[in-house]
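The values are calculated or read from the model by the stated rules, or taken from the named source; none is laboratory data. Everything numeric in this text was worked out from a predicted model, so none of it was measured. Here the Cβ positions follow ideal geometry from the backbone for every residue, glycine too, while neighbour counts run over all protein chains shown. Surface areas here come from the heavy atoms of the whole protein model, side chains and all, with no ligands, DNA or RNA. Shrake-Rupley method; radii C 1.70, N 1.55, O 1.52, S 1.80 Å.
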Amino acid sequence: MTNEKQTQNQNVDQYIDENKLIAQRRTKLKMLREKGNAFPNSFRRDSYAQDLQEKLSDKSKEELVELKHFAKVAGRIMARRGPFLVMQDMTGRIQTYIDRKKLPKDLVQDIDTWDIGDIIGVEGPIHKSGKGDLYIMMQSVVLLTKSLRPLPEKFHGLTDTEKRYRQRYVDLIMNAESRKVFAMRTQIIQYLREFLLARSFVEVETPMMQVIPGGATARPFETHHNALDIPLYMRVAPELYLKRLVVGGVERVFEINRNFRNEGLSTHHNPEFTMVEFYQAYADYHDLMDLTEEMLRGICNEVLSTTSIQYGDDTYDFSKPFARMTVKESILHFNPKLTEADLDNFGNAKIVAENLGIPTKESYGLGKIQIEIFEKTVEGKLKDPTFITAYPTEVSPLARRNDENPFVTDRFEFFVGGHELANGFSELNDPEDQAERFEAQVAEKDAGDDEAMHYDEDYIHALEYGMPPTAGEGVGIDRLVMLFTNSHTIRDVILFPHMKPYPGVGELSSKGIKAVK
RNA sequence: GGGUCGUUAGCUCAGCUGGUAGAGCACCGGGCUUUUAACCCGAUGGUCAUAGGUUCGAAUCCUAUACGACCCA
C-alpha cells in the first residue's frame, strides 16, 4: 500500500504542468492500463434507470426482496452518499449500494479509487432503502471509462453561461433542465415532421450551397468551389428549390434543415438556424394559416400537454382561435393617433416614420415605410398568437399580389410574444410578374442594399413551365422551441451555438487543435 | 456599433476606504457505513482574464485588450 502511494506521488510529479486533480486521475488511469484493458467495452445493460424507477417504485421493500428483479445498468457516477453511488444514464438516475462486507476486498479497494464522473456498469437485484429509494444491490461492477476531468460541484452544477455553451457536454451531464430543453426540441421537430407526412407532404433535401442565393432578403455566407473555380453561397432559404419541385409535380413538399445568414448574433439570431418550409399546391394563404393553427395547437396538446404557454411573465392561450389582422389595421390599432390617410400617402407616411426616429432611405417606397413603422410600433406588442396579413408587395418579392389590391400580397406573418415565428403566402406563380420583381430587387442591390435578392433566371425558367396555384410557409424552429421551452435566448435551444473563439483557439499546434481551457 | 456589468481554487461564490488569498462542494488522508446537497476530523490546492500604469505596497485604483451577460440602435 505504501509502495503504491509512493508510485502515485511520483506519477503526479510527471503531470505537474496539469491541474492536480487531473494529474491524480491520470495516475489512476495509468494504473488501470497496467492492470489490463482500461477501456473495456464488454458490458451490456438490460435496463435504464428511469424505466426501473417507473416500474418498481410502487413496490414495497419486502415485495422487491421477493421479486428478485435483477438489472444491469450502466452510467456515470454523479455522487457518493454514504455507501451508495448515484448513477446517471440517458433516462435518469438510480443508486447502487456497496456492501463492503460481502463484496470481494480487492473490488472494494478498486471502488474506493473511483471518482465522480467515471462510467461504470453494475449488476444486481433491485432493492429499496429505508428512506424509500430504489437501489441496485451491487453484485458485480466494472469500471468502463475513467473520467480525467472533475465535474462541476454537484449542487450548483454548471451555471457559467459561457461554459454551458462552449462545453455543452458538461452542461448536458450536469443540468437536467438543459437535457429537457433539447429533448423537447427533438419532440417538437418530430411532431412537425409527422404532422406534414400525415398530410401527404413529401420530405426532400435541396442544396445548401447555391450558385445564386435566393428565397429571402438576407446577406449570405460566401464560399468557393475549387474544382469549378466558382463562388458558392450557403443558402439563406430553400424556397426557390422547393417551388421548382412543385413545378416538377411534387405538389406537397417540405424540408426541415438549416439556413445560413451572415448577420449579427443576438438572443434571437444565430448565423445558422433551422427552418421547416412547406409548400402545398391548390391552396392559398388562408389554408396555411388554418394549417399553422392546427399544427401549433397540436404541438401544445401532444408535446406539452397544455395550450396555456408560460413565457417569462406572460401566458399565451393557444386554445383560442389566433387573432388575424392586416399590417395596416395593426398599425392603426397600436397607434390610435394615426389615420388611414397617414399610412396611404407616401409623403405623410414618411413624416410619420421620421417622427418615430426611423431613418428612411431614398429607395424606400410606401410599402417599405409602412413595414418600418410596423416593426417599430407593432411587432414587439404582438404577444398573443396573431397572424398579420396583407404585406406590401414592395417587401414581398416572391408572394402573389392580392386580387383586389395589388399594392399588397396574399401573405401573412405569425407572431407570439412579440417575435416573428412564421412567414407564409400564396406563391407568385406568374413568371412575368416574378421577373419584374426580381428586376426591382436587382435595382435595390445596385443601389447598395446587399440583402436584396439576385435575379434567378433558372427559377423564372421553371415558372414558365407552369407552377400550379400554391401556398408556402416557413417556420423558424429555434424560436418555436424557445417559446415552448420558456427559453429567452436562442443559445439555450441550439446545442452548439456560435461563440466568438478565443484568440488562438482552433489554430493547429504540435498538440493538435487548441481547446478551450 | 454604443452603454452598463462581469472574469478570484476543478465548480459555486466571499474578499470593506490599497497592507500580501478565503468559504462550501470536489479532490487527498483518516473515521463512519442504508445514504438523500450523506456526515465527522485533518491536509492540499491560486499567473486574482491578459498587458501596462499609479504606489513603499494592487485581487482592490487607472488605461488598454480579450471573452461573456444584459440593455439600446
Simple spin-label estimate for A:Tyr502/A:Glu263, 7 Å along Cα→Cβ, in nm, reads 3.1 nm
Between the DSSP loop rule and a limit of at most 13 other Cβ atoms within 10 Å, which GluC sites (Glu not before Pro) in the stretch A:392-449 are left? A:Glu404
From the backbone phi of the stretch A:299-315, what are the Karplus-calculated ³J(HN,Hα) couplings (6.51 cos²θ - 1.76 cosθ + 1.60, θ = phi - 60°) in whole Hz, Gly and Pro given as x? 4, 4, 6, 8, 9, 9, 6, 7, 9, 9, 9, 8, 9, x, 7, 9, 10
About the Cα centre of chain A, what is the dipole size in debye to 20, counting +1 per Lys and Arg Cβ and -1 per Asp and Glu Cβ, all else neutral? 4380 debye
So for chain A, taking the charge dipole from beta-carbon charges (+1 Lys/Arg, -1 Asp/Glu), which of A:Met275, A:Ala218, A:Asn41 sits furthest toward the positive end? A:Asn41
Let me know the charge dipole size of the stretch A:322-394 about its Cα centre in debye, to the nearest 20, where only the beta-carbon of Lys, Arg (+1) and Asp, Glu (-1) is charged. 160 debye
Taking a cut-off of 27 Å between Cα atoms, list the lysines near A:Lys101, but don't count ones fewer than 8 places away on the same chain. A:Lys5, A:Lys28, A:Lys35, A:Lys59, A:Lys61, A:Lys68, A:Lys72, A:Lys128, A:Lys131, A:Lys146
Quick one: accessible surface of A:Lys61, probe radius 1.4 Å, all protein chains present, in square angstrom to the nearest 10. 100 Å²
Could you tell me the relative contact order of the stretch A:273-418? Use alpha-carbon pairs under 8 Å, at least six residues apart, and round to a whole percent. 21 percent
Give the share of C-alpha pairs in each 20 angstrom bin for chain A, from 0 to the last occupied bin, in whole percents, shortest bins first. 18, 41, 27, 13, 1
In debye, nearest 20, what is the charge dipole magnitude of the stretch A:404-499 about its Cα centre with +1 on Lys and Arg Cβ and -1 on Asp and Glu Cβ, if you could check? 760 debye
Taking one equal scatterer on every alpha-carbon of the stretch A:152-294, how large is log10 of I(q)/I(0) by Debye at q = 0.10, 0.14 1/Å? -0.50, -0.87
Please name whichever of A:Tyr191, A:His156, A:His127 sits farthest to the positive end of the charge dipole of the stretch A:106-257, dipole taken about the Cα centre and charges placed at Cβ: Lys and Arg +1, Asp and Glu -1. A:Tyr191
Between A:Asn226 and A:Ile358, take the C-beta separation as r, use R0 = 51 Å, and let me know the FRET efficiency to the nearest 0.05. 0.70
Kindly count the pairs of lysines across the stretch A:339-462 whose alpha carbons are less than 26 Å apart, treating pairs on different chains or eight or more residues apart as eligible. 13
From the residues A:Ser396, A:Ile358, A:Gly82, which one has its Cα farthest along the dipole of chain A in the positive direction, the dipole being from +1 and -1 charges on Cβ of Lys/Arg and Asp/Glu about the Cα centre? A:Gly82
List the GluC sites (Glu not before Pro) within the stretch A:81-179 that DSSP assigns to loop and that have no more than 15 neighbouring Cβ atoms inside 10 Å. A:Glu153
Do any chymotrypsin sites (Phe, Trp or Tyr not before Pro) in the stretch A:394-501 lie in a loop, going by DSSP, with at most 13 other beta-carbon atoms within 10 Å of their beta carbon, and if so which? A:Tyr465
Percentage relative contact order, chain A, counting C-alpha pairs under 8 Å, at least six apart: 12 percent
For A:Gln210, other-chain or 5+-apart residues with amide H closer than 5 Å (H placed, Pro excluded) are A:Tyr233, A:Met234, A:Arg235
Within chain A, the percent of DSSP beta bridges that are antiparallel, given to the nearest 5, stands at 90 percent
